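To keep things clear, I will list the structure first and then write my remarks on it.
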Amino acid sequence: MATSERTYTDEEVEARLKKELPHWYLEGGWIRRKYKTNSWKGTLMVINTVGHLSEAAWHHPDITASYAWVEVRLMNHAAKGITDKDFSLAKKIEEVVHWQPGLEGGALEGCPKDDMRFAYIKYDKPKA
């Protein structure tokens, strides 16, 4: 039997986004994030990543895409609002899409930064 999930007020959502997911925003009842990519290849990689994570979590976003961007929108359809599921999935999407192994050190070096043939996502600039 399904249990009802707590939905957050707009003020609570905005406060959590500011603290936990600063590149996401609330609009029209959805939490949203637009990822900029370098090409269609990058757009498809982001879509597939979001699709895999969403299916594994059994919580599915709406996605809109174009040649060089992907917009992800999350809202718990069953609860008719923003719930902990939305925040949890948004955090996992953010973590995986923006993962840069070259910054961590270790055996995984990451994509070559000086050759645009391998570029696929435009990473957010670090906050000062």
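The values are calculated or read from the model by the stated rules, or taken from the named source; none is laboratory data. Predicted model only: the values in this text are computed from it and were never measured. Ideal geometry is used to build each Cβ from the backbone, glycine not excepted, and the neighbour counts take in all protein chains shown.
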Tally the residues that are more than 30 Å from V13 (Cα to Cα) and of a type in the set (A, V, I, L, M), restricting the search to the stretch 70-128. 5
Taking the stretch 16-73 and keeping only residues that are free of Cβ contacts under 8 Å to residues at least 60 places away in the same chain and either on the phi > 0 side of the Ramachandran plot or aromatic (F, W, Y) (or both), one is left with Y25, G28, G29, W30, W40, W58, Y67, W69
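Given T49, T43, T37, T83, which one is more than 15 Å from the chain's Cα centre (by Cα) and either modelled with pLDDT of 95 or more or not acidic (D, E) (or both)?
Details: T49 fails: more than 15 Å from the chain's Cα centre (by Cα); T43 fails: more than 15 Å from the chain's Cα centre (by Cα); T37 fails: more than 15 Å from the chain's Cα centre (by Cα).
After applying the criteria, what remains is T83.
Would you point out the residue of the stretch 86-119, among those that are part of a helix (DSSP H, G or I) and aromatic (F, W, Y), that is modelled with the highest pLDDT?
Initially, the stretch 86-119 is screened for residues part of a helix (DSSP H, G or I), giving 86-97, 101-104, 116-118.
Still in the running and aromatic (F, W, Y): 87, 118.
On the way: F87: 98, F118: 84.
The extreme case among them is F87.
Every residue, every condition in (1) surrounded by fewer than 12 Cβ atoms within 10 Å (Cβ to Cβ); (2) under 22 Å from R6 (Cα atoms); (3) touching a helix residue (DSSP H, G or I) at 6+ places or on another chain (Cβ under 6 Å), yes or no:
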residue: K36; (1), (2), (3): no, no, no
residue: I47; (1), (2), (3): no, no, no
residue: H59; (1), (2), (3): no, yes, yes
residue: V70; (1), (2), (3): no, no, yes
residue: I82; (1), (2), (3): no, yes, yes
residue: A90; (1), (2), (3): no, yes, no
residue: G105; (1), (2), (3): yes, no, no
residue: E109; (1), (2), (3): yes, no, yes
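Condition test on A78, is it out of contact with any helix residue (DSSP H, G or I) (no Cβ under 8 Å at 6 or more places or on another chain), modelled with pLDDT of 90 or more and buried (at least 17 other Cβ atoms within 10 Å of the Cβ)?
Numbers: out of contact with any helix residue (DSSP H, G or I) (no Cβ under 8 Å at 6 or more places or on another chain): yes; modelled with pLDDT of 90 or more: yes; buried (at least 17 other Cβ atoms within 10 Å of the Cβ): no.
For A78, the condition - out of contact with any helix residue (DSSP H, G or I) (no Cβ under 8 Å at 6 or more places or on another chain), modelled with pLDDT of 90 or more and buried (at least 17 other Cβ atoms within 10 Å of the Cβ) - is not met.
Condition check: part of a loop (DSSP other than H, G, I, E, B) and in contact with a Ser or Thr (Cβ under 9 Å, 6 or more places away or on another chain). Does Y8 satisfy that? Step through it out loud before you land on a result.
Values: part of a loop (DSSP other than H, G, I, E, B): yes; in contact with a Ser or Thr (Cβ under 9 Å, 6 or more places away or on another chain): yes.
Taking the combined requirement at face value, the residue satisfies it.
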Any residue in the stretch 97-124 that's free of Cβ contacts under 8 Å to residues at least 60 places away in the same chain and more than 23 Å from H52 (Cα to Cα): show its pairings with residues that are aromatic (F, W, Y) and surrounded by 12 or more Cβ atoms within 10 Å (Cβ to Cβ) at Cβ separation under 6 Å, as long as the two are six or more apart or on different chains. P112/F118
Quick check on my filter: what residues within the stretch 25-34 are surrounded by 18 or more Cβ atoms within 10 Å (Cβ to Cβ) and either farther than 22 Å from S4 by Cβ or among the small types (G, A, S) (or both)? R32, R33
